[in-house]
Structures are given as structure tokens and as C-alpha cells.
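Down below is the structure, laid out as C-alpha cells.
Please treat every number below as a calculation from the coordinates, not as lab data. Since we're looking at a predicted model, the values are computed, not measured. Glycine gets a Cβ as well: all are built from the backbone with ideal geometry, and neighbour counts include every protein chain shown.
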Amino acid sequence: MNNCETCINYRKVVIIGCGFVGSASAFSLMQSGLFSEMIMIDADKSRAEGEALDISHGIPFAKPMKIYAGDYDDIKDASLVIITAGANQKDGETRLDLVKKNISIFKSIIPEINKRQFKGIILVVANPVDILTTITIKLSDLPPNRILGSGTVLDTARLKYELGEHLNVDPRSVHAFIIGEHGDSEIAAWSSANVSGIQLDKFCEMRGYCNHKDSRDKIADDVKTSAYQIIARKKATYYGIAMSVKRICEAIIRDEKSILPISSMINGEYGINEIALSVPAILGKDGVEKIVPISLNEEEIKQLKNSAETLKNILAEN
């Protein structure tokens, strides 16, 4: 579908960065059927060509799609530009350790997007995602609602998975969010968590669990450290985030009005201003429509403000 008024082809997506995350995301999107055209851009053009060719060979098992390596001129009429380009998080590194390297990369990417008068949506996936989303909003010509980060969508999926395993229920029946930084200061919003409408602690008691605080602390810590555990074992994480990218793209392209904890600019919510971080928001074809004020207790709001200050301090140093 092509919208002549805005010159946006809603079936066209661009991925900038063809490392593990970019390539896994491209593979996931190829299987999704959301797009009919996908362009892969990388500083190493031959790498982009190889990934595009490899993924294209799966098209006979999926739906028709044109996949090819391109350049910034190809983004002009795309509906989505997904930025995964950046240095990888190494064993022993935090996401915030990547700041200087990846801010520098983004300062070369965003002006190139601006030159093409891009009118679609930018999805930032590279880490530290909240800081890079903030940088993108500041550097981009697009309105802030059309720029978002993958945020804590993956962390929230990990939380639902861990709770599902703990309670022996389908994780899709678990309704809970990780909010704040996609990183070490993230917060599990326990006060609003439930399983099919039943308050979490009550559901735990139904399943024979009563030591709520210890269980919650362990699950939250497992979620927070899961990326480190994966990186220590296989040097990188990419499948989970690739599925998260697909889910975000679904919400945008299908105009689902889904509520997802994506990273977006916060201006006044929870007493926080001028920083992108993750809280649940309504997501549709125009990007971030509205932040959803979920129920948080005083301690969770305090932790969320601390998370915002952590990001602001790191940003101020760079």
C-alpha cells in the first residue's frame, strides 16, 4: 500500500546494521509477512549483501518479498527504519559502557536519514537503547512520537516467561511490565502485575507459593541479568530481541493500538522530563500515541525517577 500524500510505502522496511541483531531481526521480519520489501544497510556492504542473499533463500517457504542490500537513498519512502547498528555488548560490559562508541555511530547515521526527508518511523534497537533513542530524537527532523526504542519489550517478555515458569501457567496469561531503563536500573512493576485479572500475590497463593518477596526479588534479578548470562555463554543475544522487533513492527504496521513498554520521550509523566525510557504506551501507525499511566506504588515511582536520573547523568557525560 502506498500513501501518495505522505509518500510512505507501508510495506517497505529498512534495517541499518547487519550484525547479529540486525540479521536476526531481518530473518524474523521475513517470516512475518508484514513487508514486501526489505533493505539492509551496513558499513560493510558485502556483509549486507551476504545477509540479504542468505535470508532471501527462505522466501519460497514464506511470502513473496524483495530483500536486498542498499544505501541511505533507499529509505526515503520506507515506513520504518530500524537501527541496530552499533558496537556489541561484550562479556563483563554493561549496556551503558557502549555509550561513547554508539553515540558516535548514531551521529553519523541520523543526519543521513534527515537528508532523505524520511517521513516514516524510526525504531532504535542498538544499546544503550534509551540514551540512543534520546539522541535520535534530538538529532532527527521527525516529531518525537515517530521515534521510539525497543525499550523493555524484551525484558517484559522475559518477566512473563519467568513468571509463567514459576507458576506453571501460559506466559501469555501473565500481565506485567518491566519499566525504566533497558538495563541495570530497570524496575519490575509488581504493584500492577496480575495473571488474567487476578492480583499476582493471590495467584501465587493459589499455586502454593507464599514467600512472595523472595520469589519476586529472584525473578526480577534473573530478568535483569539474563542478557549477561546469555552473553557469557554465547557472546551475544539476538533471537529474543529479534522477536521483540517483529512484535513492535506488527503494532505499528497493523495500527493495532497495542500497549507495549517501548522507549519514548517522557515529558511530565511520573514527574520525569527530557529523557527517553520505557513505560507502557499505545503504539500504532503514527508511532507513540499516548503513554499509559499504570498503577505504581511510591517505591516504584521513586525507582523509576532514579532510573531516569541514571540515564540523564550518563547522557550529560557524553
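Quick one: which of 131-142, 206-217 comes out on top by average Cβ neighbours within 10 Å, and what's the full order, highest first?
131-142, 206-217
If the viscosity is 1.306 mPa s and the temperature 10 °C, what Stokes-Einstein diffusion coefficient in µm²/s follows for the stretch 200-318 when Rh is the Kirkwood radius over Cα pairs? Working shown, then result.
Numbers: Rh = 17.0 Å.
Estimated diffusion coefficient is 93 µm²/s.
In nm, give the distance between the simple-model label positions of Val169 and Lys100, each being 7 Å from the Cα along the Cα-to-Cβ direction.
Each label point lies 7 Å from its Cα, and together they span 4.8 nm.
Given a Förster distance of 30 angstrom, what is the FRET efficiency for Ser46 paired with Ile282, based on the Cβ-Cβ distance and rounded to 0.05?
For R0 = 30 Å, the calculated efficiency reads 0.15.
Report the extension gain between Glu309 and Lys213 in nm, rounded to one decimal, defined as 0.36 nm multiplied by the number of residues separating them, less their alpha carbon distance.
Working: separation 96, 0.36 × 96 = 34.56 nm, distance 2.60 nm.
Going from the current span to full extension adds 32.0 nm.
Choose one of Phe35, Val81, Ile8: the residue whose Cα lies farthest towards the positive end of the charge dipole of the stretch 2-149 (beta-carbon charges +1 Lys, Arg; -1 Asp, Glu; about the Cα centre).
My answer, from the dipole projection, is Ile8.
If I histogram all Cα-Cα distances within the chain using bins 10 Å wide from 0, what percent of pairs lands in each bin?
All Cα pairs, binned at 10 Å, distribute as 6, 28, 35, 23, 8, 1 percent.
What does the net charge come to around Ser258 if you take all other residues with beta carbon closer than 15 Å to its beta carbon, with K and R at +1 and D and E at -1? Let's see the in-between values first.
Numbers: positive: Lys160, Arg172, Lys246, Arg247, Arg254, Lys257, Lys285, Lys290; negative: Glu250, Asp255, Glu256, Asp286, Glu289.
Neighbour charge sum, excluding Ser258 itself: +3.
So, in nm, how far is label Lys138 from label Ile301 when the simple model puts each one 7 Å beyond its Cα toward the Cβ?
Calculated label separation equals 2.8 nm.
Just subtract the alpha-carbon distance of Lys119 and Glu317 from 0.36 nm times their residue separation and send over the number in nm, one decimal.
That works out to 68.2 nm of additional length.
Report the Rg/Rh value for the stretch 17-82, based on alpha-carbon coordinates and the Kirkwood definition of Rh.
Reported Rg/Rh, Kirkwood definition of Rh: 0.92.
Relative to the Cα centre, what is the charge dipole magnitude of the stretch 153-316, using +1 at the beta carbon of each Lys and Arg, -1 at the beta carbon of each Asp and Glu, and rounding to the nearest 20 debye?
Using only the charged Cβ atoms, the result is roughly 520 debye.
When the dipole is taken about the Cα centre of the stretch 74-229, and only Lys, Arg (+1) and Asp, Glu (-1) are charged at their Cβ, what size is it in debye, to the nearest 20? Walk me through the intermediate numbers first.
Working: 20 positive and 21 negative charges, 124 e Å.
Approximately 600 debye in magnitude.
On a 0 to 90° scale, report how tilted helix 129-139 is relative to the longest principal axis of the chain, with both axes built from alpha carbons and the result rounded to the nearest 10.
Computed tilt is about 50 degrees.
With a Cα-only, solvent-free Debye model of the stretch 2-149, what are the log10 I(q)/I(0) values at q = 0.18 Å⁻¹?
-1.04
Please give the Cα centre distance for the stretch 279-309 versus the stretch 67-143, rounded to the nearest Å.
Centre-to-centre distance over Cα atoms comes out at 22 Å.
Can you put Val174, Val279, Val292 in order, fewest other beta carbons within 10 Å first? Don't skip to the end; give the middle numbers.
Values: Val174 22, Val279 25, Val292 14.
If I rank by nearby Cβ atoms, fewest first, I get Val292, Val174, Val279.
How high is the FRET efficiency from Ala62 to Lys234, r the C-beta distance, R0 22 Å, rounded to 0.05?
0.30
Using alpha carbons only, how many degrees (0 to 90, rounded to 10) separate the axis of helix 153-167 from the longest principal axis of the chain?
Tilt of helix 153-167: around 40 degrees.
Evaluate the distance, in nm, between pseudo-label points positioned 7 Å from the Cα of Asp91 and of Asp184 along their respective Cα→Cβ axes.
In this crude label model, Asp91 to Asp184 measures out at 1.9 nm.
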